[in-house]
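The structure appears right after this line, and notes come after that.
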Amino acid sequence: MIPTDGTRLEGVHCAMVIKAPAPGVVVVTIEGTDVGELGEAPFRALEPLLLTGKLSELFVDARKARGPSIDVSSDWAQWLTNHRARLLHVSMLTGSRFVQLSAGFVRSFADLGDIMRLYSDDRAFEGAVSNAVGNAHARERTTL
């Protein structure tokens, strides 16, 4: 069973919540400035949430993030590169131009192209999450 309540990771400069509201749908919420103080914890928390043998949808809500360090952006780009085959898409909501530029770097470095979608509109992002959750639950009902 996939936990839906989520994992909360906290550091001095940032906090992150990672949850799976439906099978194959993972939502990461980031607040503050990620300077790397959480280390490998976000990646360890994400690993069991990605479906095996099926593609997962990863949503990153960074509207309250002030931006990651260059090292953190590089770590995320490497992780996404390593897990690209397991991702249907990555959708990221940015709240500032700096976070949007960082996300663009990650997309380029990880060679995600159209797999990574950038959002600046809260409602559009939340609608995409809602649709993904609804579709995942519908798929789950048809396979039972």
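The values are calculated or read from the model by the stated rules, or taken from the named source; none is laboratory data. Note that the coordinates shown come from a computational prediction; the quantities given were computed from them, not determined experimentally. Heads up, the Cβs are rebuilt from the backbone with ideal geometry, glycines too, and the neighbour counts pull from every protein chain shown. The area values use the complete protein model at the heavy-atom level, side chains included, leaving out ligands, DNA and RNA. Shrake-Rupley method; radii C 1.70, N 1.55, O 1.52, S 1.80 Å.
Only one entry of GLY32, GLY134, GLY39 meets the criterion of being over 23 Å from GLY11 (Cα atoms) and out of contact with any Asp or Glu (no Cβ under 8 Å at 6 or more places or on another chain), and that entry is GLY134.
Residue-level check: of (1) without any contact (Cβ under 8 Å) to a residue 24 or more places away in the chain; (2) open to solvent by less than 20 Å² (accessible area, probe 1.4 Å), VAL25 misses just (1). MET92 meets the conditions (1) modelled with pLDDT of 90 or more; (2) of a type outside the set (Gly, Ala, Ser); (3) more than 11 Å from the chain's Cα centre (by Cα) in every case but one. The failed one is (3). Within region 57-100, the set of residues being over 13 Å from SER120 (Cβ atoms), touching a Pro at 6+ places or on another chain (Cβ under 9 Å) and crowded, with 19+ Cβ neighbours inside 10 Å comprises ASP75, TRP76. When VAL133 is tested against (1) modelled with pLDDT under 95; (2) open to solvent by less than 50 Å² (accessible area, probe 1.4 Å), just one condition goes unmet, and that condition is (1).
Scanning region 101-114 for residues that are crowded, with 20+ Cβ neighbours inside 10 Å and touching a Ser or Thr at 6+ places or on another chain (Cβ under 9 Å) returns SER102, ALA103, VAL106, ALA110. For region 30-43, residues that are open to solvent by 40 Å² or more (accessible area, probe 1.4 Å) and under 14 Å from GLY6 (Cβ atoms) total 1. The residues of region 22-72 that are small (Gly, Ala, Ser) and modelled with pLDDT of 90 or more, listed by number, are ALA22, GLY24, GLY32, GLY36, GLY39, ALA41, ALA45, SER56, ALA62, ALA65.
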